[in-house]
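Below is one structure; the comments refer to it alone.
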Amino acid sequence: MGPRRWWCLLAVALSAAGGAGAQETCSGAVPEPPRRGAWMSVASFGGAGDGRTLNTQAFAAAVARIERRRAPGGALLYVPPGVWLTGPFSLASHMTLFLARGAVIRATQDTSSWPLVDPLPSYGRGRELPGKRYMSLIHGKGLQDVFITGENGTIDGQGSVWWDMWKKGTLPFTRPHLLELMDSSDAIVSNVVFQDSPFWNIHPVYCSNVVIRNVTIIAPHDSPNTDGIDPDSSSNVCIEDCYISTGDDLIAVKSGWDEYGIAYGRPSSDITIRRITGSSPFAGFSVGSETSGGVENVLAEHLNFYNSGFGIHIKTNTGRGGFIRNVTVSDVTLDNVRYGLRIAGDVGGHPDERYNHNALPIVDSLTIKNVQGQNIKEAGLLKGIPKSAFSRICLSNIKLHGSTAVRPWKCEAISGGALEVQPSPCTELTSTSGMSFCTNSL
Ligand SMILES: *[C@@H]1O[C@H](CO)[C@@H](O)[C@H](O)[C@H]1NC(C)=O
Ligand SMILES: *[C@@H]1O[C@H](CO)[C@@H](O)[C@H](O)[C@H]1NC(C)=O
Ligand SMILES: *[C@@H]1O[C@H](CO)[C@@H](O)[C@H](O)[C@H]1NC(C)=O
């Protein structure tokens, strides 16, 4: 065999392994935005980055200009270094919002000036309170080709006023997100910091083709409901290389709530999540509990969670309907986490009393593999719904260690298989049929 042939074999072997040292990325999941034909700075719209001037009008005027001008390739809105205080504003299609190094878009704490928007149809009401909800700080609806990026600039929600209202029970409506994209496609969010969101940080809902990569999301552990990234009734979402430390689930895949989510019927599907690091008093990675439109074809891998409540939490409830199926979570390291894994059918409240008590979720075909944990307190809970037992749950190569004995698995109304699981799995996961699903899914 000549050197050329050796080279070919080597090249084939390398590409099969993903290339020499190359790792999988979201690149290509969404077309790279074109070179923008126009460039403008928020400073030229009467804005000031002095931390005191309110720039809501400046952002609105800049976005209106972008929409009117329709430059070939779209436009870039530059946010220079400085602190740009603002109320909520909307984005346009074919636009890049670029935060320079040292640029901070800071939400005003004058909560009475925040506009209200309609509830999402798949929730039927605000997530926290009946009626409307506050508009997100940065909002996009019905957009295509939106890019939010920069040089590690910060989007700061100054959420403490909202958290205080929540704690005192004085919130009039559901709190706002830092970024919400609705009914949009081809969106990329990268190289920015999200800080102190009033509520969930990044909420793509009814979207397709979304990439979120290389972002930092931080909020105190005691800040209520500050989920990191919640893909909701969205498809083809790729999230990678993020550091997230907040007061609630770091990533939660959702799809609407009870009778409203069932009627709307839009699943979250084809969701890829990789290389996420961080800590949460709740879960590192979760699905649910709002899954009424269904969640399927999810791959989450190379996750590293510490000082957290749950490593992985898959949650739904009676009344949710919908399904959770074909979810794979692999290559997870956990340190100082209370529960390694929890899959449960009795989690989360209801929007109102009108939910259908017979709407039982279907949970089928979940594979959790290659999990290494230390300082774990409880292996976990796997608890289906008696009238709708969770099926084909596969646990493989899961090693959970504790500083004292790890409390054993608790299982109820589930079936599946377990291979190389420590502490030893419950008998529900040792049937022959469960094992064959498990072996085939690896
Ligand atoms: C990640 O973002 C930082 C700044 O936020 C940037 O310096 C770095 O190059 C980015 N990495 C990638 C792979 O884009
Ligand atoms: C971006 O900012 C965050 C928060 O300040 C910081 O932790 C991170 O190291 C920065 N990343 C880069 C690449 O500068
Ligand atoms: C399961 O989901 C993966 C993506 O995570 C997808 O590639 C695969 O085709 C799905 N399998 C089925 C049977 O739909």
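The values are calculated or read from the model by the stated rules, or taken from the named source; none is laboratory data. Bear in mind that the values here come from a model prediction, so they are computed numbers and not experimental data. We place every Cβ from the backbone using ideal geometry, glycine too, and count neighbours over all the protein chains shown.
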Across segment 162-201, what is the number of residues that are part of a strand (DSSP E or B) and either over 16 Å from the mean Cα position of the chain (by Cα) or away from ligand 2 (no atom under 16 Å from the Cβ) (or both)? 9
Checking Ser365 against (1) in contact with a helix residue (DSSP H, G or I) (Cβ under 6 Å, 6 or more places away or on another chain); (2) within 30 Å of Ile262 (Cα to Cα), which test does it fail? (1)
Leading residue by the ranking (surrounded by the most Cβ atoms within 10 Å (Cβ to Cβ)) among those in segment 193-202 that are in contact with a Leu (Cβ under 7 Å, 6 or more places away or on another chain) and under 24 Å from Pro121 (Cα atoms): Ser197
Looking at Ser208, Ser234, Ser223, which one is surrounded by 24 or more Cβ atoms within 10 Å (Cβ to Cβ) and modelled with pLDDT of 95 or more? Ser234
Candidate set: segment 112-159, residues that are within 16 Å of ligand 1 (Cβ to nearest atom) and part of a loop (DSSP other than H, G, I, E, B); chosen: the one farthest from the chain's Cα centre (by Cα): Glu151
What pairs can you find where one residue is in segment 144-160 and over 21 Å from Pro176 (Cα atoms), the other is part of a strand (DSSP E or B) and within 16 Å of ligand 3 (Cβ to nearest atom), and their Cβ atoms are less than 7 Å apart, with a gap of 6+ or different chains? none
Going through segment 300-323 one residue at a time, which ones are over 16 Å from Leu341 (Cα atoms) and either among the polar types (S, T, N, Q) or assigned to a strand (DSSP E or B) (or both)? Asn317, Thr318, Phe323
Take segment 189-229 and flag every residue that is farther than 25 Å from Ser269 by Cβ and either in contact with a helix residue (DSSP H, G or I) (Cβ under 6 Å, 6 or more places away or on another chain) or more than 16 Å from ligand 1 (Cβ to nearest atom) (or both). Asp196, Ser197, Pro198, Ala219, Pro220, His221, Asp222, Ser223, Pro224, Thr226
Hey, Asn297 assigned to a strand (DSSP E or B) and within 16 Å of ligand 3 (Cβ to nearest atom) or not: yes
Can you find a residue that is assigned to a loop (DSSP other than H, G, I, E, B) and basic (Lys, Arg) anywhere in segment 336-348? no
